[in-house]
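To start, the structure under review is shown below, and the notes come after it.
Rule-based calculations on the coordinates, nothing more; no lab input. The model shown is predicted, which means the values in this text are computed figures rather than measured ones. Ideal geometry is used to build each Cβ from the backbone, glycine not excepted, and the neighbour counts take in all protein chains shown.
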Amino acid sequence: MQLLSLSFTAGGPIPVRYTCEGENVSPEFAWKEAPSETRSFAFIGHDPDAPRPGGFTHWVLYNIPADKAHLEPVVPNVEVVPGTGAQGTNDIGEIGYTGPCPPSGMHHYYFRLFALDKELNLRPGATHDELTDAMEGHILARAELVGTYRKKADKAA
């Protein structure tokens with residue numbers, strides 16, 4: 001399975017639009033070559049470089065329909081997005097996406113897609129840990145895309 005972004009290149013910088021210094025909206029993603037047995041997808045955006053134990057989760061999205069292969073840009077920050085899935089709680093305690101906003105230095109943002117053999121029995125608003133627990137034993141395939149970001153003010157310093 002392959003994951004790519006139509007908003008930034010693998011290993012490259014995430015555009016300001018998708019960060020706290022811009023519009024703070026979600027980027028566009030697409031994937032291909034998912035297993036035919038896939039019943040749903042889950043998606044996690046995470047910054048392991050964040051200065052807190054376990055890093056910082058920016059986005060939790062799950063029960064994405066098996067026939068979907070694309071996340072449009074600017075997914076609204078609501079619990080359930082029709083045709084897209086349920087969103088969880090990010091590490092600022094809000095539903096949906098929150099963009100890169102590193103306190104200092106260059107951070108790496110890991111976007112991970114999971115093909116699952118079932119729809120998950122999770123309420124909207126689930127946390128990264130709750131999603132990870134629910135997916136255990138149900139992952140058919142996974143794909144990862146990494147982007148980077150450093151705040152403009154940090155670059156000027």
Next on the checklist: Taking R0 as 25 Å, what FRET efficiency do you get between Asp133 and Ala30 from their Cβ-Cβ distance, rounded to the nearest 0.05?
Outcome noted: 0.35
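If Lys and Arg each add +1 and Asp and Glu each add -1, what is the summed charge of the other residues whose beta carbon sits under 14 Å from the beta carbon of Pro53?
Around Pro53, the surrounding residues sum to -3.
Quick check on the chain: helices-only [θ] at 222 nm, where DSSP H runs of length 4 and up contribute -39,500 (n - 2.57) each and the sum goes over total residues. Nearest 500, please.
-2000 deg cm²/dmol
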Item to check | Label point at Thr148 placed 7 Å out along Cα→Cβ; residues across the range 106-137 whose backbone nitrogen lies under 15 Å | outcome: 106-110
Checklist entry - Using r as the Cβ-Cβ distance of Ala10 and Val80, and R0 as 22 Å, what FRET efficiency do you calculate, to the nearest 0.05? => result 0.15
Item to check | Value of relative contact order over the chain, rounded to a whole percent, pairs C-alpha under 8 Å and six or more apart | outcome: 29
Checklist entry - Which one of Pro102, Pro65, Pro82 has the biggest mean-square fluctuation once the chain is modelled by GNM with Cα springs under 10 Å? => result Pro82
Item to check | Listed candidates (i) 17.0; (ii) 17.5; (iii) 15.5 - label of the one calculated as Kirkwood radius over Cα pairs in Å | outcome: (iii)
Checklist entry - Of Leu61, Leu113, Leu122, which is the most mobile in a GNM of the chain whose springs link Cα atoms less than 10 angstrom apart? => result Leu122
Checklist entry - What list of ³J(HN,Hα) values in whole Hz, one per residue of the range 129-142 in order, does the Karplus curve 6.51 cos²θ - 1.76 cosθ + 1.60 (θ = phi - 60°) give from phi, with Gly and Pro shown as x? => result 5, 5, 5, 4, 4, 5, 6, 3, x, 10, 7, 8, 7, 9
